[in-house]
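Structure, as structure tokens:
The values are calculated or read from the model by the stated rules, or taken from the named source; none is laboratory data. This structure is a prediction, so every number in the text was calculated from the model and none was measured. Please note: Cβ atoms are built from the backbone with ideal geometry, for glycine as well, and neighbour counts cover all protein chains shown. Note: areas computed on protein heavy atoms with side chains; ligands, DNA, RNA excluded. Shrake-Rupley method; radii C 1.70, N 1.55, O 1.52, S 1.80 Å.
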Amino acid sequence: MTKMNRRTVLQGAVAGAAMLPTAALRAAPASVPIKGAGLSNDEVYWAQIAAQYDVTDAVIQLENGNWGMMPRPVLAAYQDCVAKVNRETSYYARRGMGADLGEAHARLATFLGVEREEIVLTRNATEALKALIGGYNRIKAGQAALYADLDYDSMQASLEASMARRGARTIKISLPEPASYQNVIDAYIQAFETYPDIKLVLLTHISHRTGLKIPVREISVLARERGIDVIVDAAHSLGQVEFDLAGLGADFVGINLHKWMGAPLGVGAAYIREGRVSAIDPDMADETPGSGSIRSRVHTGTVDFAATLTLPEALDFQAKIGASARAARLKALRNGWVNQLRDLPGIELLTPDDPRMHGGITSFRLAGRTSEAQNKALAATLLARFGIFTVHRTGLASGACVRVTPGLFNSMADVNALAVALRQIANTTEF
């Protein structure tokens, strides 16, 4: 088949439809004000949002799960902060930066609806969760911790290592596929009842593998009734779906701010509910033994201060769009390609359509093609032949897959192009 470039794909995808390709979106004026909710399928409104991003023209970028792109106002603020920190160095660090960092910290707590002393800034969700998992001290030798196949690899490894040091064991379950709201809850109930020695469970709110959004609050309630503590990996939650941190029902949560919130790389946070700090050991580098401060639980040393100082600008930008509008748009982009392929023979869609169980991420595979090599090749084909960038994922009990992760700068034309490409691939014998 003749190699198709990005422009050809987009033209074919939007023939006869009132959709704007990403390149056209970025041609819109960058000064358009961002206000109002907008409609999730209103391409004119979302063109105003997309115009705030500088996106590569080399591909249709549908792999935004690694980290998010800073919009122009945030990028400009970050560049200013980098210049200031670089120019004033310790003169600023020792005379005023502490107050500015404290303001960023306070803004985040307000944005999340929690107390300032319940949040500590980290460089990412992984660092936050390592501190929570590695420092959790309420588990005893002979007891157990639970995790699932869809949990992040580093968090699985952290749980294994931490439990081994404490003489505890780990139990791994596979979440059902196809998943439903109730069968996911039932999977955890079964594990809790089968293994009454479980005292800690790791829950991933939205899986980086498939985009599955599990009912964390309901599972947390069930765990609490059994005396089980919950640590939540919410790396993909904040900014992708409507998010209530305290409402998750968990005492320990790790989040990212450089994925869906568009902050600079190197900004995350750990949440410990008030009154639970003592359940997490202080960081080994902490110089204040016995401290009851959440800050003693994470010791990062020197970080990219400019990234943290830019956080208020990122929060402001996202607040102008609004959580509900952002979540609805990402779901609309997801549904824009999924709805065209749900009943297509030869395509397995791994993320349920129940709106409670997904955000913008969804993964798929060709029927029966479960190996890592096959899905890596499929992602490579989408890139080479159709100019569409995705990524393969492994670690599912059922096998590997390809993940699709749209961002706010994507258009309906972009996701429609993916549907067109997958129809062509499914109708060939090459795979």
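Points worth noting:
- Within the stretch 71-93, not a single residue is part of a loop (DSSP other than H, G, I, E, B) and open to solvent by 10 Å² or more (accessible area, probe 1.4 Å).
- All positions within the stretch 126-171 that are more than 18 Å from Lys199 (Cβ to Cβ) and in contact (Cβ under 8 Å) with a residue 60 or more places away in the chain: Thr126, Glu127, Ala128, Ala131, Asp149, Leu150, Tyr152, Asp153
- The single condition among (1) in a loop (DSSP other than H, G, I, E, B); (2) open to solvent by less than 70 Å² (accessible area, probe 1.4 Å); (3) touching a residue at least 60 places away in the same chain (Cβ under 8 Å) that Val120 does not meet is (1).
- All positions within the stretch 252-288 that are touching a Ser or Thr at 6+ places or on another chain (Cβ under 9 Å) and not hydrophobic (A, V, I, L, M, F, W, C): Gly254, Asn256, Pro264, Gly266, Gly268, Pro282, Asp283, Asp286, Glu287, Thr288
- Test set (1) surrounded by fewer than 18 Cβ atoms within 10 Å (Cβ to Cβ); (2) touching a residue at least 12 places away in the same chain (Cβ under 8 Å); (3) more than 29 Å from Trp46 (Cα to Cα) - Ala373 fails condition number: (2)
- Scanning the stretch 151-186 for residues that are surrounded by fewer than 18 Cβ atoms within 10 Å (Cβ to Cβ) and closer than 18 Å to Arg224 by Cβ turns up Ile185, Asp186.
- Among the conditions (1) modelled with pLDDT of 95 or more; (2) open to solvent by less than 40 Å² (accessible area, probe 1.4 Å); (3) farther than 20 Å from Glu242 by Cα, Glu274 misses just one, which is (2).
This table checks each residue for (1) in contact with a Pro (Cβ under 7 Å, 6 or more places away or on another chain); (2) over 20 Å from Thr204 (Cα atoms); (3) small (Gly, Ala, Ser).
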site: Ala332; (1), (2), (3): no, yes, yes
site: Ile361; (1), (2), (3): no, no, no
site: Arg365; (1), (2), (3): no, yes, no
site: Lys376; (1), (2), (3): no, yes, no
site: Ala380; (1), (2), (3): no, yes, yes
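- Hits in the stretch 282-304 (condition: within 20 Å of Ala109 (Cβ to Cβ), assigned to a loop (DSSP other than H, G, I, E, B) and among the aliphatic types (A, V, I, L, M)): Val298, Val303
- Of residues in the stretch 133-184 being assigned to a loop (DSSP other than H, G, I, E, B) and small (Gly, Ala, Ser), the one nearest to Leu350 (Cα to Cα): Ala179
- Qualifying residue in the stretch 329-348 (condition: among the hydrophobic types (A, V, I, L, M, F, W, C), closer than 23 Å to Ala47 by Cβ, open to solvent by less than 10 Å² (accessible area, probe 1.4 Å) and outside any helix (DSSP H, G or I)): no
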